[in-house]
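Structure, as structure tokens:
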Amino acid sequence: MKAHPLRRALDGVYFTAGMLGAVFLLALLVIIVMQMAARWTGHVFPGSTNYAGYCMAAMSFLALAYALNQGAHIRVRLLLTRLGRFRRLGELWCYGIGGALSIYFCYYAIKATYWSHLLNDISQGQDATPMWVPQISMSVGTFVFALAMVDRFISIALFGFDESAEKTNAVD
């Protein structure tokens with residue numbers, strides 16, 4: 001059965017964000033290896049610690065929605081299964097609260113990035129990077145995560161989406 005075009009588009013957004021997170025993970029590896037090589041050869045790689053931190057933050061935030069879609073987030077599935085016939089209400093409550101909190105966090109992440117750009121906030125480290133540049137990945141990641149949470153809430157509320165029927169590698 002073919003998936004709805006909107007479902008394919010949303011899954012594509014989640015997958016793309018996850019792959020961008022993987023790219024930042026590889027960039028983190030490259031920075032660490034370059035930092036080690038610089039130390040071994042007696043050279044200095046200024047700002048490498050800051051760049052590694054930016055990559056780690058970007059990796060974490062961009063991978064949130066993909067991890068949610070793949071069932072990799074730690075969940076309270078044990079409690080939800082004990083709810084029996086009220087499981088759907090428990091899922092709705094969890095995704096409702098999670099969606100509201102993720103939207104709240106997304107709003108303030110975007111606001112912080114905006115103000116950082118407006119005030120020309122600069123990193124205090126050796127790199128002197130404008131802080132809005134690495135904060136963009138946090139804003140994008142939290143937006144995609146909020147979208148995924150609301151997507152899951154709507155899928156359960158309107159279409160009866162059942163996660164227990166889906167085969168995932170979730171950590172319980």
Legend entry - Dipole moment magnitude, nearest 20 debye, the chain about Cα centre, only Lys, Arg, Asp, Glu C-beta charged: 520 debye
Legend entry - Relative contact order, percent, the chain [alpha-carbon distance under 8 Å, six or more residues apart]: 30 percent
Inset, instruction - For helix 48-62, report the angle its Cα long axis makes with the longest principal axis of the Cα atoms of the chain; keep it between 0 and 90° and round to the nearest 10°. - result: 10 degrees
Legend entry - Charge sum, other residues only, whose C-beta stays under 15 Å from D121's C-beta, Lys/Arg counted +1 and Asp/Glu -1: 0
Legend entry - Rounded to whole Hz, the Karplus (6.51, -1.76, 1.60) HN-Hα couplings of region 96-106, x for glycine and proline: x, 5, x, x, 4, 5, 5, 5, 4, 5, 4
Inset, instruction - Search the structure for amide H atoms under 5 Å from the amide H of Q126, placed 1.01 Å from N in the peptide plane, and list their residues when 5 or more places away or on another chain. - result: G47
Inset, instruction - Could you point to the residue in A157, N69, A112 farthest towards the positive end of the chain's charge dipole, with +1 and -1 charges on the Cβ of Lys/Arg and Asp/Glu respectively? - result: A157
Inset, instruction - Using a Förster distance of 22 angstrom, determine the FRET efficiency expected from the C-beta separation of R88 and T16, and round it to 0.05. - result: 0.15
Inset, instruction - Give me the distance in nm between label points sitting 7 Å out from Cα along the Cα-to-Cβ direction at N120 and R77, one decimal. - result: 5.2 nm
Inset, instruction - Sorted from largest down, give the three principal axis spans of the alpha carbons of the chain, whole angstrom values. - result: 64, 37, 33
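Every read-out reported here was derived from the displayed coordinates using simple, explicitly stated rules and does not represent laboratory data. The shown structure was predicted, so the numbers you read here are calculated from the model rather than taken from an experiment. Here Cβ is always computed from backbone atoms with ideal geometry, including for glycine, and neighbour counts include all displayed protein chains.
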